[in-house]
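Worksheet: one structure, shown below.
The values are calculated or read from the model by the stated rules, or taken from the named source; none is laboratory data. For clarity, every value in this text was computed on a predicted model and none was experimentally measured. Using ideal geometry, Cβ is built from the backbone for each residue, glycine included, and neighbour counts are taken over all protein chains shown. These area figures cover heavy atoms from the full protein model, side chains too; ligands, DNA and RNA do not enter into them. Shrake-Rupley method; radii C 1.70, N 1.55, O 1.52, S 1.80 Å.
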Amino acid sequence: AIPGRVMQVHSRRHGTARCRRLDSVSKTSKVSRPDEVAGKLCSLGRRPPAESVRDQLGQLLTQQNRAPHWWNGVLNKLSKHHRPDISVQLLKVMAHARMHINISHLGSVVSAFEKMSLWQEALNQFFEIPLRWVSPNVICYSAAVSACGKGGQWQLAISLLAEMDKKKVDPNLVTCNAAVSACEKGDRWQQALKLFAEMPQRKIHHDVITYNAAVSACEKGSQWQ
């Protein structure tokens, strides 16, 4: 309570503008949870410029105690709010502030576009990952393969799965389901069933999503048997 009084008295001596600025900084410093920060960023409207994102973050950018996983929390919340536009700008602001950007941050942005069915933007973000001198992980690949399915790019989905094998990135159930679904949506029942059959060899168990995609592929290929 005492520091607050001192700040208020000092501010009155130098005018209301000074008081408002200190009050703004004080409010910014109290915001520490990723969901609160994501909410404030979402209030900026559609497609805000990087400058607006930077101004909204304020002194959070200069606080060295913000661990990389904290920023990933913000990006994940933006993804849940379906705001990939802000996620991209946040990455630009982080890079400009010379903050460490890791594969989790990049994967969150790919997933954000994929969840919005913006498959071209998702793939653009995915293919830019190597330019940052990091390698995509299974989460990034899964989001990219899923984006291929939503964009009718079944051949690219299979190509990404092959690339994972080449780079020794083990696919998981999400990746394989996305690839099978991509082939099913592309009316490629043979490729879908081939991927379905290969899953046990990868020590990945089928689930209801896998079976549904495989059955749908058989239906489209008139493979009732």
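Taking label positions 7 Å along the Cα-Cβ direction at both Arg47 and His96, the computed distance is 1.8 nm, reported to one decimal. Pop out the carbon and sulfur fraction of the accessible area of segment 101-225 as a percent, whole number, probe 1.4 Å. After summing per-atom areas, the C and S share lands at 53 percent.
Would you tally the net charge around Glu121, using a Cβ to Cβ cut-off of less than 10 Å, leaving Glu121 out, and scoring K and R as +1, D and E as -1?
Spelling it out: positives minus negatives among the neighbours equals -2.
Rank these by accessible area, largest first, 1.4 Å probe: Val208, Val134.
Working: Val208 100, Val134 40 Å².
Highest to lowest solvent-accessible surface, that is Val208, Val134.
Net charge near Asp170: determine it from the other residues with C-beta under 11 Å of the C-beta of Asp170, scoring Lys and Arg +1 and Asp and Glu -1. Please list the in-between numbers first.
Working: positive: Lys167, Lys168, Arg202, Lys203; negative: Asp165.
Net of charged neighbours comes to +3.
Residues with beta-carbon under 11 Å from that of Asp35, excluding Asp35: net charge, scoring Lys, Arg +1 and Asp, Glu -1? Summing Lys and Arg as +1 and Asp and Glu as -1 gives +3.
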